[in-house]
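The values are calculated or read from the model by the stated rules, or taken from the named source; none is laboratory data. If you're wondering where the values come from, they're calculated on a predicted model, not measured in any experiment. With ideal geometry, Cβ positions are generated from the backbone for all residues, glycine too; neighbour counts draw on all protein chains shown. Accessible surface is based on the protein model in full, side chains and every heavy atom, while ligands, DNA and RNA are left aside. Shrake-Rupley method; radii C 1.70, N 1.55, O 1.52, S 1.80 Å.
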Amino acid sequence: MKDSSTLTHFLKICEEEIDENAAVVQKIKLPKINNSNVNVFLKREDLIHATISGNKWRKLKYNLIEALINRKSTLLTFGGAYSNHIHATASACKIFGLKTIGIIRGEEHLPLNPTLKFAAECGMQIFYVDRTTYRNKNKESFITELHNRFGDFYLVPEGGTNNLAVKGCTEIINNINIKYDYILSACGTGGTISGLIAGLNGDKNIIGVPVLKGADFLNNDIDNLVKQYSYETFTNWHLNFDFHFGGYAKITKELIFFINQFEEINNIKLDPIYTGKLLFAVQTLINDNHFKENSTILVLHTGGLQGNMGMKNKMDKLLS
Ligand SMILES: *Cc1c(COP(=O)(O)O)cnc(C)c1O
């Protein structure tokens, strides 16, 4: 197949399976607002696909094209045992006809948790590495070892973040049919917000809410990702480090109550790892008069609801 027919094939599957137009913008209400001089909208990236959720589709899209055009039959990637990226990648590779290998941090636990069970059912081959080895995931020597073991593959880094992921995330801001002043996203690796920054090209105010504790390194990582893609740096963005709730996947009662109230009011589900913390941050910042009067705030629902299955026990325990 020539590149053009590979691309035609890719687009045909996209047309049947993926609905980027479903990522509509909706007005939302936050549970406890003391101050009604701003409007808040949610961009529903979570509706693009049922199992290649939200920003993970944006990050995978051009990587899948690259893998297919380069005649790779296998895609290899990394993640934690509950990772949205692992879940989405397994699903995408099944749909687009690639074999997948998932290198998972930590030991095997049987039965498989819902994330890994789904990934395995999609055909992902799962291998576990201990936490020390996992830290080498970006090192050349470790990648060479993986090639010696698994042969040829297309590599997608942890969280799916690379230059092609940034390219995909620049498309999040296409077709937004409202005027807005601020755009906010939860941050893990920073790939998604880098796409927003690059795509907006100096326009709007962009705010990232890291969900990890001690994520200062993200300022640098994001600058580098943006520079690599745009050959430019921008200053119309910042990170707010106040809403990690103790660290990655750490939750509090207050957060879970907030998520439940938000769902009751808006009939939209959030996850406690990313979007719950983000919307909680938005509510707090509005009440602290962080935003200019009469401004419009656009918040990204980046998906990730599959993770709720893995968080269920933790949430139930907290509330019991
Ligand atoms: C992965 C993920 C993020 C973080 O995206 P990055 O590009 O790694 O910053 C945000 N929200 C959800 C729901 C995710 O699954």
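With the requirement that a residue be under 19 Å from residue 282 (Cβ atoms), open to solvent by less than 50 Å² (accessible area, probe 1.4 Å) and not in a helix (DSSP H, G or I), what does the stretch 38-85 give you? Matches in the stretch 38-85: 38, 40, 41, 42, 43, 44, 54.
Name the residues in the stretch 129-162 that are of a type in the set (A, V, I, L, M, F, W, C) and either within 29 Å of residue 226 (Cβ to Cβ) or open to solvent by 60 Å² or more (accessible area, probe 1.4 Å) (or both), would you? 142, 143, 146, 153, 155, 156 - these are the residues of the stretch 129-162 that are of a type in the set (A, V, I, L, M, F, W, C) and either within 29 Å of residue 226 (Cβ to Cβ) or open to solvent by 60 Å² or more (accessible area, probe 1.4 Å) (or both). The sole residue among 277, 250, 292 that is assigned by TED's automatic domain parsing to the domain that holds residue 174, within 16 Å of the ligand (Cβ to nearest atom) and touching a strand residue (DSSP E or B) at 6+ places or on another chain (Cβ under 9 Å) is 277.
So, residue 235, is that one of a type in the set (S, T, N, Q), within 21 Å of residue 173 (Cα to Cα) and open to solvent by 10 Å² or more (accessible area, probe 1.4 Å) or not? Considered against the rule, which asks whether it is of a type in the set (S, T, N, Q), within 21 Å of residue 173 (Cα to Cα) and open to solvent by 10 Å² or more (accessible area, probe 1.4 Å), residue 235 comes out as yes. Considered as a group, the residues in the stretch 132-170 that are away from the ligand (no atom under 16 Å from the Cβ) and in contact with a Lys or Arg (Cβ under 6 Å, 6 or more places away or on another chain) include one that is modelled with the highest pLDDT, and that residue is 154. Beta carbons closer than 7 Å, at least 6 apart along the sequence or on distinct chains, pair a first residue in the stretch 297-320 that is within 29 Å of residue 172 (Cβ to Cβ) with a second that is among the basic types (Lys, Arg) and open to solvent by 10 Å² or more (accessible area, probe 1.4 Å) for 301/44; 303/56; 305/269.
Does residue 303 satisfy the criteria of being within 22 Å of residue 23 (Cβ to Cβ), within 16 Å of the ligand (Cβ to nearest atom) and either touching a His at 6+ places or on another chain (Cβ under 9 Å) or among the acidic types (Asp, Glu) (or both)? In short, yes. When the stretch 238-272 is filtered for residues that are in a strand (DSSP E or B) and either of a type in the set (Gly, Ala, Ser) or open to solvent by less than 40 Å² (accessible area, probe 1.4 Å) (or both), only 239 remains. If I filter the stretch 108-119 for residues that are open to solvent by 10 Å² or more (accessible area, probe 1.4 Å), more than 16 Å from the ligand (Cβ to nearest atom) and in contact with a Pro (Cβ under 8 Å, 6 or more places away or on another chain), do I get at least one hit? Yes, the conditions are met somewhere in the stretch 108-119. Taken over the stretch 173-226, residues that are part of a helix (DSSP H, G or I), open to solvent by 10 Å² or more (accessible area, probe 1.4 Å), without any contact (Cβ under 8 Å) to a residue 60 or more places away in the chain and within 19 Å of residue 241 (Cβ to Cβ) amount to 6.
Checking each residue in the stretch 177-192 for being hydrophobic (A, V, I, L, M, F, W, C) and within 6 Å of the ligand (Cβ to nearest atom) picks out 186, 187.
Quick check: anything in the stretch 96-103 out of contact with any Pro (no Cβ under 9 Å at 6 or more places or on another chain), assigned to a helix (DSSP H, G or I) and not acidic (Asp, Glu)? Yes, the conditions are met somewhere in the stretch 96-103.
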